[in-house]
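Colleague: Please see the structure below; I have some questions.
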Amino acid sequence: MFQIEKNIPLPTTNSARSKYPFAAMELNDSFAVPVETKAQVNSIRACASAFGKRTGRSFVVKFHGDEVRVWRSK
């Protein structure tokens, strides 16, 4: 059986929580991430896109050699 409890506050979400520094980035800032597989590139793109949708920011993700660079563009 489950116990019903009253007046327990709902935890706030922290949209800035990410393993990448999207929240700290200002316009035209960038960071690089070393990658080994195409799946890692796609994962970084998906994270940047999701964070951008939640916050109204835009990011550009470019793959070059063995790293991915992410720029804040808006």
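The values are calculated or read from the model by the stated rules, or taken from the named source; none is laboratory data. Quick caveat, the model's predicted, so the values are computed rather than measured. Glycine gets a Cβ as well: all are built from the backbone with ideal geometry, and neighbour counts include every protein chain shown. For accessibility, only protein heavy atoms count, side chains too; no ligands or nucleic acids. Shrake-Rupley method; radii C 1.70, N 1.55, O 1.52, S 1.80 Å.
Colleague: Loop-only chymotrypsin sites (Phe, Trp or Tyr not before Pro) in the chain, please: DSSP not H, G, I, E or B, and at most 15 other Cβ atoms within 10 Å.
Modeller: For chymotrypsin sites (Phe, Trp or Tyr not before Pro) across the chain that sit outside H, G, I, E and B with at most 15 neighbouring Cβ atoms in 10 Å, the list reads Phe2.
Colleague: Let me ask another. Helix 38-55 sits at what angle to the longest principal axis of the chain, using alpha carbons and giving 0 to 90 degrees rounded to 10?
Modeller: Its long axis makes an angle of about 60 degrees.
Colleague: For Val35, which sequence-distant residues (separation of 5 or more, or a different chain) have an amide H within less than 5 Å of its own amide H, given hydrogens modelled in the peptide plane?
Modeller: Glu67, Val68
Colleague: Taking 0.36 nm per intervening residue step and subtracting the Cα-Cα distance, what contour gain separates Phe2 from Phe31 on full extension?
Modeller: 5.7 nm
Colleague: What do you get for Rg/Rh of the chain when both radii come from the Cα atoms and Rh is the Kirkwood radius?
Modeller: Dividing the radius of gyration by the Kirkwood radius yields 1.20.
Colleague: Same structure, new question: Between Trp71, Ser43, Leu10, whose Cα lies farthest towards the positive end of the dipole of the chain when Lys and Arg beta carbons carry +1 and Asp and Glu beta carbons carry -1, centred on the Cα centre?
Modeller: Leu10
Colleague: Rounded to the nearest 500 deg cm²/dmol, what is the calculated helix-only ellipticity per residue at 222 nm for the chain, with -39500 (n - 2.57) per DSSP H run of length n ≥ 4?
Modeller: The per-residue figure over the chain is -8000 deg cm²/dmol.
Colleague: Turning to a different aspect of this structure: Ordered by residue, what ³J(HN,Hα) values in Hz, to whole numbers, does region 21-29 give under the Karplus form 6.51 cos²θ - 1.76 cosθ + 1.60, where θ = phi - 60° and Gly and Pro are x?
Modeller: Per-residue couplings from phi come out as x, 4, 5, 7, 7, 9, 3, 6, 6 Hz.
Colleague: Let me ask something else about it. Among the lysines, which have Cα under 23 Å from the Cα of Lys38 when same-chain residues fewer than 8 positions away are ignored?
Modeller: Lys19, Lys53, Lys62
Colleague: Right, here's the next one. Efficiency by 1/(1 + (r/R0)^6): what FRET value for Leu10 and Arg57, r their Cβ-Cβ distance, R0 = 35 Å, to the nearest 0.05?
Modeller: Efficiency, rounded to the nearest 0.05: 0.85.
Colleague: Provide the gained length on full extension for the span Ser49 to Ser73, in nm with one decimal, where the gain is 0.36 nm per separating residue minus the Cα-Cα distance.
Modeller: 7.4 nm
Colleague: So which GluC sites (Glu not before Pro) in the chain end up in coil per DSSP with only 14 or fewer other C-beta atoms within 10 Å?
Modeller: Glu5, Glu26, Glu36
Colleague: In what sequence, largest accessible area first, do Ile4, Ile44 appear using a 1.4 Å probe?
Modeller: Ile4, Ile44
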